[in-house]
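Notes follow the structure.
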Amino acid sequence: MMFTLTVLTFYYRFDKYDPEPLSNLLVGFIYGMIVPIITVPIFYLLIGVITPLYGSNTIFLIELVVFAPLAEEIVKSVLIVELSKKYRFDGPLDGLIYGLTVGAGFATVENAIYGIGILTNIGFFNAIQIAVLRGGLAFIGHPIYSAIFGYGIGAYQVGLQKSLWSSLPYSILLHGSWNLLIAFPTYFSTFTTIWIIFFIIIVFVSVIMIIQRLQIALSIEDKLYENGYFENKRDYRVL
């Protein structure tokens, strides 16, 4: 959780003109924590139905690369849309931060679930190692997937995207690619070099995508500030 909150704090510092209330972000964080409660039962139901037909190894791969990204990103996206209605986003930066918050909440619960499972099966020290690894990679996981979609909502509201859902495919694709990377050693254990190359590509693409969106979002925030948008907004609140 410490790693996740560190990532969230880093991005929150960019919201300098009209920072979102921490209470609002806490709501987003809690929304994200709810997602596993919705998606995990769906996974187990699908596994129970399909495993007898195709075998456990095949189902594990399909669940990890297809079902998980689809279900998790769609549910998170619906919650982010609800947040955009509840707390009107000023632009892409607000969407990015709220999306990041929902993703951080999800990552916190997911890491806890994995940690408990590993602690039960393979011991304390292995659980700590994996928890540190997953936490350290939080900046390219769920927070980024959800931040990309949240950015899209804010971009739609200022006319940069034609659809509210335009960014969802990017979130799903990144999530599926990362999950495929996780599954790769299980199915292709001898191709270590390919795994390393794939890892570098996924990290590079994820970082570039979020940096580009952050730069655009900050540029829009500067223009809104120069045009007096935030000052007028504060005056309206006073009235």
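Values quoted throughout were computed directly from the atomic coordinates according to the rules given, and no laboratory measurement underlies them. What you see is a predicted model; the values in this text were computed from it and never measured. Reconstructed Cβ throughout: ideal geometry from the backbone, glycine too, with neighbour counts over all protein chains shown.
What is the calculated FRET efficiency for ILE62 to THR192, with r their C-beta to C-beta distance and R₀ = 30 Å, to the nearest 0.05?
According to the calculation, E is roughly 0.80.
Sorting PHE60, PHE204 on the 10 Å Cβ count, fewest up front, what's the list?
Listed from fewest to most nearby Cβ atoms, that is PHE204, PHE60.
What order, most packed first, do the peptides 15-21, 65-71 have when packing is the mean number of other Cβ atoms within 10 Å of each residue?
The most tightly packed comes first, giving 65-71, 15-21.
Going by average Cβ density within 10 Å per residue, which order do the peptides 170-183, 212-225 take, highest to lowest?
Packing order, densest peptide first, comes out as 170-183, 212-225.
Which order, highest average first, do 192-200, 98-106, 156-164 follow once you tally other Cβ atoms within 10 Å for each residue and take the mean per peptide?
Ranking the peptides 192-200, 98-106, 156-164 by packing returns 98-106, 156-164, 192-200.
Can you pull the one-decimal nm distance between simple spin-label points at ASP222 and PHE204, each 7 Å off the Cα toward Cβ?
The two pseudo-label positions are separated by 2.8 nm.
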